[in-house]
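Let me begin by presenting the structure, written as structure tokens, before commenting on it.
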Amino acid sequence: MKRKVLSTILAVSMVATMVVGCGGGGDTQADAPAADAGTEAPAEGGDAAQAEAPSGVAADKEGGKVGVAMPTQSSERWIKDGGNMKEKLEAMGYEVDLQYAEDDVQMQVSQIENMIAADADCLVIAAVDSGALTTVEAQAKEAGIPIIAYDRLLMDTDAVSYYASFDNEGVGTAIGEYIKTAKDLDAAQAAGESYTIEFFMGSPDDNNAVLLHKGVMDVLQPYLDDGTLVCKTGRTAFEDTCILRWSQETAQQWCENYLTGYYADEDLDIACTAFDGFAYGVKAALQGAGYTAENWPLVTGQDAELMACKNILDGTQTSSIFKDTGLLADKCVTMVEAVLKGAEPEINDTTTYNNNVVVVPSYLCTPVAVDKDNLQEVVVDSGYYTAADLGL
Ligand code: GAL
């Protein structure tokens with residue numbers, strides 16, 4: 001009990017410290033959205049309590065009830081993720097309670113509490129704040145309900161059975177490599193030329209964001225060190241570039257501040273952003289500052305949202321990272337089957353994802369960088385979007 005209280009205090013104070021760090025340089029973080037927009041958790045009583053089964057594996061039965069807790073509907077990708085999970089699980093005979101928490105931690109806690117109270121057989125969670133669910137996760141474990149972490153690792157808990165995600169450091173490496181190749185940084189280095197760059201990284205309470213930043217810096221740090229890349233704000237460290245709750249508004253605000261404060265006399269050449277939502281904010285800031293096709297910077301993103309793909313086609317975003325959410329849902333569903341029916345889930349990583357308590361067996365899908373040149377092949381030919389979706 002004491003240990004849990006202590007670790008909660010530590011976790012809270014760590015996040016508080018990181019958030020303070022992230023707001024450095026006088027910028028204010030945009031507030032999290034209001035807590036009243038979440039979908040309701042249906043409160044019908046569940047089936048009879050599931051029979052005891054060893055090692056968290058529920059008794060074999062037809063179907064079962066799966067609670068799917070998603071972080072927000074404010075970005076297109078999570079709507080797709082939730083829809084995929086619901087559709088695939090229902091097609092397999094499961095009853096699905098899909099909830100969105102609108103980036104509100106307490107709302108997500110309540111939603112999961114409701115799922116437990118309604119006798120869910122399994123929980124699939126994409127956390128708003130990966131370390132803030134330890135109490136409710138312990139309650140699920142106590143009730144014999146297995147948990148699968150969806151896309152974002154659940155931190156500081158032993159209650160998580162499996163993790164379905166992408167190679168998150170690989171996402172960062174792909175962003176870094178894209179910049180390196182597109183700008184031919186080696187040639188610039190040899191010629192003694194330089195490019196200006198600014199960074200917009202993900203939320204400090206999301207393990208994915210930390211790994212992504214690491215991947216980006218694995219590729220770009222040498223060019224920052226030798227002056228081939230010049231970050232005029234000096235903000236390259238994760239704690240100086242992370243944006244709480246992946247807020248598009250904060251990214252826009254930061255970019256506006258940077259352009260006014262540091263780029264009045266020299267153009268920004270590269271906006272290295274970790275998320276399509278940030279790229280939208282950066283686009284608005286660039287337009288506001290009078291950038292045109294002539295001097296538009298290279299702008300990266302992540303998720304290959306439909307809007308991002310359209311922006312790639314019209315040149316206001318340069319690249320994104322395609323993450324096939326259908327494939328992710330397929331892998332996650334195999335994990336649900338594993339915990340509920342004792343089937344073997346597909347796992348391809350048993351070492352990387354240490355959540356501070358356990359190493360969580362994971363399946364990592366492969367991210368793919370997309371730009372104008374391969375967009376059609378990667379997102380249309382694969383059937384992810386139709387040509388008409390993209391206006392082609
Ligand atoms: C991360 C995820 C990204 C992006 C971001 C904001 O956890 O890895 O793909 O979706 O959340 O939603």
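A short reminder: the numbers here are calculations on the coordinates, not readings from a lab. Note that this is a predicted model, so its numbers are computed, not measured. So basically every Cβ, Gly included, is an ideal-geometry build from the backbone, and we count neighbours across all protein chains shown.
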- Report the one residue of 202, 212, 149 whose Cα lies farthest in the direction of the positive end of the charge dipole of the range 114-273 (charges on C-beta: Lys and Arg +1, Asp and Glu -1; origin at the Cα centre). 149
- Message: Could you check the spin-label model distance between residue 193 and residue 346? Points 7 Å from the Cα along Cα→Cβ, value in nm.
- Response: 4.3 nm
- Query: Do any GluC sites (Glu not before Pro) in the range 298-361 lie in a loop, going by DSSP, with at most 15 other beta-carbon atoms within 10 Å of their beta carbon, and if so which?
  - Reply: 346
- Kindly put 319, 194 in sequence by how many other C-beta atoms sit within 10 Å of each C-beta, fewest to most. 194, 319
- Please arrange 327, 268 by counting, for each residue, the other beta carbons lying within 10 Å of its beta carbon, fewest first. 327, 268
- Using only Cα atoms, locate the centre of the range 291-330 and the centre of the range 171-196, then give the distance between them in Å, rounded to an integer. 18 Å
- Can you tell me how much longer the chain between residue 135 and residue 377 gets when fully stretched, taken as 0.36 nm per residue apart minus their C-alpha distance, in nm with one decimal? 82.7 nm
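Compute the orientation-averaged projected area for the range 255-392 from the convex hull of its Cα atoms and round it to one decimal in nm².
Values: hull surface 45.9 nm².
The Cα convex hull of the range 255-392, projected and averaged over all directions, gives 11.5 nm².
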- Query: Considering lysine pairs in the range 132-267 that are 8 or more places apart or on different chains, how many have Cα atoms under 21 Å apart?
  - Reply: 5
